[in-house]
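What follows is a short report on a single structure.
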Amino acid sequence: MTVTVRAAAPADIPAMEALIRRSGIELSEGFYTVEQARAVTQHVFGVDSQLVADQTYFLVEQHGQLVACGGWSKRSTLFGADRTKKSEDALLDPATEAARIRAFFVEPSAARQGLGRLLLQHCTDAAAEAGFRTLELAATMPGVPLYLACGFSAVDTFEITLPGPVQVPLTRMRKAITAG
């Protein structure tokens, strides 16, 4: 299996958005209701172009095809696409704050093949190289098993209210890391 990880570019955004929509709906089955999956996919999921600009958002390609995307951030936003941002995305202090793991999505036909783990390790190594010692994320319910298996601990569970109104649970998770 030929798998590569590379930094996302602005030209990749349309393909990533399409993958995110497929992943958000199909991989939520069994974790969220259809209504919850549609609401979170429509109103929250998507590319944060600041991560693309920061070169901390990545693509995983298999045989030249996009099969996963995700990243890490040195900025304060915990989750959400461009359309969910309401204020400046301040830089974090690696000495006292946790880097964010952001927007991990896998092509449904490539799920459970280790691509999420591969991408998570890539992001963990990059965040450690940037001086961060802790990672934090807001996991969707479909993502919780991956993050638990990769050493994250649940800090708390909270709900976001989306139009409808639709309540969607998320889990805040953290993990200590060491320099690579």
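Since every read-out is calculated from the coordinates, none of them should be taken as a lab result. None of the values given here were measured: they were computed from a predicted structure. Cβ: placed from backbone, ideal geometry, glycine included. Neighbour counts: every protein chain shown.
Need one number: % antiparallel among DSSP beta bridges in the chain, to the nearest 5.
Values: 33 of 36 bridges.
Close to 90 percent.
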Worksheet entry | Debye, to nearest 20: dipole size of the stretch 3-176, +1 on Lys, Arg Cβ, -1 on Asp, Glu Cβ | 160 debye
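Can you sort Ser28, Ser73, Ser153, Ser49 so the residue with the fewest Cβ neighbours within 10 Å comes first?
If I rank by nearby Cβ atoms, fewest first, I get Ser153, Ser49, Ser28, Ser73.
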Worksheet item: Got a sec? Charge dipole of the chain, +1 on Cβ for Lys and Arg, -1 for Asp and Glu; which of Cys69, Thr157, Leu115 is way out at the positive end?
Response: Thr157
Worksheet item: Cα extents of the stretch 62-146 along the three principal axes, largest first, in whole Å?
Response: 37, 29, 26
Fill in: Separation between Cα centres of the stretch 116-180 and the stretch 36-71, rounded to whole Å
15 Å
Discussion item. Can you show me the helix-derived [θ] at 222 nm for the chain, built from DSSP H runs with n ≥ 4 at -39,500 (n - 2.57) apiece and divided by the number of residues, rounded to the nearest 500.
Written reply: -8500 deg cm²/dmol
Fill in: Residues in the stretch 57-78 reached by a label modelled at Arg21 [backbone nitrogen below 19 Å; 7 Å Cα→Cβ]
66-70
Response to the item:
Rounded to the nearest 0.05, FRET efficiency between Gln121 and Thr33 (Cβ-Cβ, R0 41 Å) equals 0.80
Worksheet item: How far, in nm, would the chain grow between Ala90 and Gln55 when pulled straight, counting 0.36 nm per residue and subtracting the alpha carbon separation?
Response: 11.0 nm
Worksheet item: What is the distance, in nm, between label points placed 7 Å from the Cα along the Cα-to-Cβ direction at Phe158 and at Ala7?
Response: 3.1 nm
